[in-house]
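The values are calculated or read from the model by the stated rules, or taken from the named source; none is laboratory data. Since we're looking at a predicted model, the values are computed, not measured. With ideal geometry, Cβ positions are generated from the backbone for all residues, glycine too; neighbour counts draw on all protein chains shown.
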Amino acid sequence: MRYSKVSLRRLFAAAMLCLSLFAVPRQAQGQAPTPGIDFFAGVSFNFRDVYYRRQYDFLINITPGFRWAMGHDWQLTGQVYVPIVNQYEEYGNNFKINNFALSKQLHVGPLYCKATAGLFSLNRYGLDVKLFLPVASWFAFEAQGGYVGWLNTDTYWRITAPDRFVGTVGGDIYLSRWNTQLRGVAGLYLYKDFGFEAEAMRHFNHSTISVYAHWSNLYKYDVGFKIIAMIPPYHRTRRTVNIRPASNFRLSYSIMTNIEGNRMYKTDPEENERDGWFDRHVLPWGSHTMEPDFIINQKITEE
């Protein structure tokens, strides 16, 4: 098993090196945001239909957080979950730290990279690296790899040493005429399963709808849909300190009750399938070539 992992990493590195020789030139980048801090809040809305005693169980949290743009594409983020309604019973009763992480985005030639260290979602902490390689305006390769441990901040505090490598590798196709993105990846996931994912996304103004299918060697198949809606106001003035709603609301529906197959943490509290891993000004590819969801007017000093 160790040999196969090493071989896979070497094969991926060689493929990236070869493709970089033929990759398209980087597009013109947008304006980087002015350094400052955003305080935001949203709602985490979860429901399930698994018991006969009532049709739905609900788990609803308020999710305040912050995003500190430190300049030069360095960023510090944080978020907590505050439970409001909980019918899941077995977990989610207490205040929980969902994210506290430092990240840096950069590009080396045609290869885009985002490195993150800290506390991620799904009670994971450690190091994470995301890579994106545009080969053409319509096709790109992607990869994510992490070395993580477990940190419980809910019912009680408990931590384990980092002991797990996880990661995915795959590709994306973007059909600009229809604002449609096709994504397929295979990987080794958090709960020691391996499998693959396929997803088709249709991007609209301020929203994205997708359908997906997963397969895992331990948890078998799953299909469903996702809706990502960007939250107004869409015209904003950016100051050194900003208070705003969360950037997006995400609804995901799955036909299976299993929540462990093909699972990966998120390193950013506002990460979503519409925006991808990278900021618009860093990586102008895919949905980032559409009109921006938020028009930002820079204003450094407070009135």
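Things to note:
- Scanning region 240-270 for residues that are of a type in the set (Asp, Glu) and at pLDDT 95 or above yields 268, 270.
- Total residues in region 163-175 satisfying the condition of being modelled with pLDDT of 95 or more and either under 22 Å from residue 193 (Cβ atoms) or not in a strand (DSSP E or B) (or both): the figure is 7.
- Filtered by the rule that a residue be surrounded by 16 or more Cβ atoms within 10 Å (Cβ to Cβ) and closer than 24 Å to residue 119 by Cβ, region 163-184 gives 164, 166, 167, 168.
- Scanning region 210-225 for residues that are surrounded by fewer than 16 Cβ atoms within 10 Å (Cβ to Cβ) and not charged (D, E, K, R) yields 211, 213, 217, 218, 221, 223, 224, 225.
- For region 198-217, the criterion of a residue being in contact with a Gly (Cβ under 9 Å, 6 or more places away or on another chain), more than 22 Å from residue 142 (Cα to Cα) and part of a strand (DSSP E or B) is satisfied by no position.
- Failed condition for residue 88, given (1) touching a strand residue (DSSP E or B) at 6+ places or on another chain (Cβ under 6 Å); (2) in a strand (DSSP E or B): (2)
- Single match in 145, 126 (criterion: surrounded by 18 or more Cβ atoms within 10 Å (Cβ to Cβ) and over 30 Å from residue 174 (Cα atoms)): 126
- Qualifying residue in region 262-270 (condition: under 20 Å from residue 171 (Cβ atoms), within 17 Å of the chain's Cα centre (by Cα) and of a type outside the set (A, V, I, L, M, F, W, C)): yes
- Complete set of residues in region 132-145 that are in a strand (DSSP E or B) and farther than 16 Å from residue 188 by Cβ: 132, 133, 134, 135, 136, 139, 140, 141
- Within region 104-117, being surrounded by fewer than 20 Cβ atoms within 10 Å (Cβ to Cβ) and either on the phi > 0 side of the Ramachandran plot or of a type in the set (Ser, Thr, Tyr) (or both) holds for one residue alone: 109.
- Residue 148 vs. criteria in contact (Cβ under 8 Å) with a residue 40 or more places away in the chain, touching a Leu at 6+ places or on another chain (Cβ under 6 Å), among the hydrophobic types (A, V, I, L, M, F, W, C) and assigned to a strand (DSSP E or B): no
- Matching option when the condition is within 21 Å of residue 120 (Cβ to Cβ), modelled with pLDDT of 95 or more and among the β-branched types (Val, Ile, Thr), among 148, 211, 135: 148
- No other residue among 189, 156, 221, 234 is within 19 Å of the chain's Cα centre (by Cα) and of a type in the set (Ser, Thr, Tyr) apart from 189.
- Flag for residue 228 being crowded, with 20+ Cβ neighbours inside 10 Å and assigned to a strand (DSSP E or B): yes
- Sole residue being modelled with pLDDT under 70 and either more than 20 Å from the chain's Cα centre (by Cα) or assigned to a strand (DSSP E or B) (or both), chosen from 117, 15, 101, 69: 15
- The C-beta contact set for region 119-144 (first residue touching a residue at least 60 places away in the same chain (Cβ under 8 Å), second residue in a strand (DSSP E or B) and basic (Lys, Arg), distance under 7 angstrom, 6+ apart or interchain) comprises 130/114; 144/130.
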